[in-house]
Amino acid sequence: MTPTKVWLSSPHMGGEELNYVHEAFDTNWVAPLGPNVDAFEKAIEKELGNEVCVAALSSGTAAIHLGLELLGVGPGDEVICQSFTFSASANPILYLGANPVFVDSEKDTWNMSPELLREAIEDRIKNHRKPKAIIAVHLYGMPYKIEEIRSIADAYEIPILEDSAEALGSSFRGISCGTFGDIGILSFNGNKIITTSGGGALVTKNKVLRDKAIFLATQARDEAPHYQHSHVGYNYRMSNVLAGIGRGQMNVLKERVSARRRNYDFYLNSLASLKDISFLPEPKDFFSNRWLSCILTTCYDMRETLRMALLDQNIESRPLWKPLHLQPVFKDSKHFMDGTSERLFEKGLCLPSGSNLSQEELDRVVETIKNVLS
Ligand SMILES: Cc1ncc(COP(=O)(O)O)c(C=O)c1O
C-alpha cells in the first residue's frame, strides 16, 4: 500500500478564516475590495511595524510588477536581480520591456552577493547602462545581507525592490523583512507561510507610492464621474473574500513561524550527525521564518538519490531553485557569477516544511534519509 502523501508545504488554516469569509457573504461584500481588505492591510501593517503602508494585491508577482513600474522601470532599462530565486522575481522585468542582469549569491545567507552586486553595477555604469533597480530576495525566509546591500544601493543611488515573498515573519536585528526596500513585496500563494489561496502585497513607507500602486492596480481610473483613463492600468487588487482568509491567517502567523522553525530544528538535530548533509545556520542578528527547511548534500547524484528515495515513500521534496541565469527564458541575460548558486542548485534539497506536518510525517522523512545514507 502506498504510504500517505507528505507535502512540501501545504496550506494550514487556523480556524477563524471562514468567519471572515462568511462576514463577506453575509454583508454582500463579495465584490472586490471591502472591510476584509482594509482589515487585512491594517493587520499586515501592524505586524511589519516600521511605519509601512500596505496595498493588498492579487499576487506577489503583481506586486513586483507594480513595484518596478513605480520605481520608474520602463522599456530598455536594466534591472539587477538575484539569480538564485523563483522566476516570478524576474518575470515582471520582462513584462515592462526591461532587461534583467543577474547576480550570484554568497554563502552565508544564499542571497545576493554584495561583492558581485558592486561589480555588476560598476560594469553597467561603465557601459552607460546604470541599473534602474535592484531586486534582492530573502530566499527560503533567510534575510539577505541587509546592511551591505543597502549601503551599495545608496552609494550608487539605485532603489531596492525587496522580494519578501518567502519571508513574512523573518527579521534582521528585530526589524521585519518586507520593510527594508524602497518597495517591498509579500506573497500569500498557497505554499507560503500564510496563504489567501492566492494573493500578495506591496509594502512601502511612502504613502504616495502606496496610493499610486492602488491606482494602477484598479485600472488607473482618473477622477471623473465617467470612466476616464490617462494611464495604462491593471486589475491587480485582492478580493474581499480572499482577504477574509488572510485576516484569519494573520491571527496565527506567529504560530506558523514557530512551527516551521521547529521543523528545521528537528531536521538539524536528527540529521546533522550525518557527514554528507549540511544546513544553513542563521548568522548573528538574522532571524529566518524557515519557510522551507533546506539541506545540502555533497553532489548532484546524492541529491537525486535522496529525492527519489523520498518520492518512493510518497514524500515530496524539491531541488533548490534553479538559478535564473541558467533558465532558457533568461538565457541571453547578462550575469555576474562565481558558481555559488549553481553549486547550491546541484546539491540542495528542500524537505517537507509545512506548519501542519505531524511528528510521524517528520519521522518518516528523517528515517528515509538515514536509510539512504547509512
Ligand atoms: C521569491 C518569490 N518571489 C515572488 C513570488 C511570486 O509570488 P506569487 O506566487 O504570489 O505571485 C514567489 C512565490 O510564488 C517567490 O517565491
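Since every read-out is calculated from the coordinates, none of them should be taken as a lab result. Every value quoted in this text rests on a predicted model; they were computed, and no experiment measured them. Cβ placement follows ideal geometry from the backbone for every residue including glycine, while neighbour counts extend to all protein chains displayed.
Only Lys, Arg, Asp and Glu carry charge here, each on its Cβ (+1 for the first two, -1 for the last two); on that basis region 252-373 has a dipole of about 340 debye about its Cα centre. For LYS370 and ASP38, what does the FRET efficiency come to when R0 = 56 Å and r is the distance between their Cβ atoms, rounded to the nearest 0.05? Result of the calculation: an efficiency of 0.65.
Computed about the Cα centre, the dipole magnitude for the chain is approximately 140 debye when only Lys and Arg (+1) and Asp and Glu (-1) carry charge, each at its Cβ.
Note: relative contact order over the chain, using C-alpha pairs below 8 Å and six or more positions apart, is 25 percent. Shown for region 252-373: lysine pairs separated by 8 or more places, or found on different chains, whose C-alpha atoms are under 18 Å apart, numbering 6. Normalising by residue count, region 16-250 has a Cα convex hull of 115 Å³ per residue. Can you grab the distance from the C-alpha centre of region 128-204 to the C-alpha centre of region 1-30, Å, no decimals? After rounding, the separation between the Cα centres reads 27 Å. From the square roots a ≥ b ≥ c of the eigenvalues of the alpha-carbon gyration tensor of region 305-374, which class results: rounded (a/c under 1.5), prolate (a/b over b/c), or oblate? Since a/c reaches 1.5 and a/b is larger than b/c, the shape of region 305-374 is classed as prolate. Calculated [222 nm] ellipticity per residue, helices only, for the chain: -11500 deg cm²/dmol; basis is -39500 (n - 2.57) per DSSP H run with n ≥ 4, divided by all residues, nearest 500.
Counting only Cα atoms, region 191-299 measures 68, 29, 27 Å along its principal axes, largest extent leading. Once C-alpha pairs closer than 8 Å and six or more residues apart are averaged by separation and normalised to the residue number of region 128-274, the relative contact order reads 15 percent. The alpha carbon centroids of region 247-274 and region 39-78 are separated by 27 Å.
Going from the residue with the fewest nearby Cβ atoms within 10 Å to the one with the most, HIS65, HIS229, HIS128, HIS335 rank HIS128, HIS229, HIS335, HIS65. Using only alpha-carbon positions in region 207-248, the gyration tensor eigenvalues give semi-axes of 24, 12, 9 Å once each is multiplied by 5 and square-rooted (largest first).
Sorting LEU292, LEU349, LEU202, LEU268 from the fewest to the most surrounding beta carbons within 10 angstrom yields LEU268, LEU349, LEU292, LEU202.
Over region 72-157, the alpha carbon radius of gyration divided by the compact-protein estimate 2.2 N^0.38 Å works out to 1.02.
Positive end of the dipole of the chain, charges at C-beta (+1 Lys, Arg; -1 Asp, Glu), about the Cα centre: which of GLY34, PRO319, MET1 has its Cα farthest in that direction? Positive-most Cα among the choices belongs to MET1. With all projection directions averaged, the alpha carbon convex hull of region 233-374 covers 12.7 nm².
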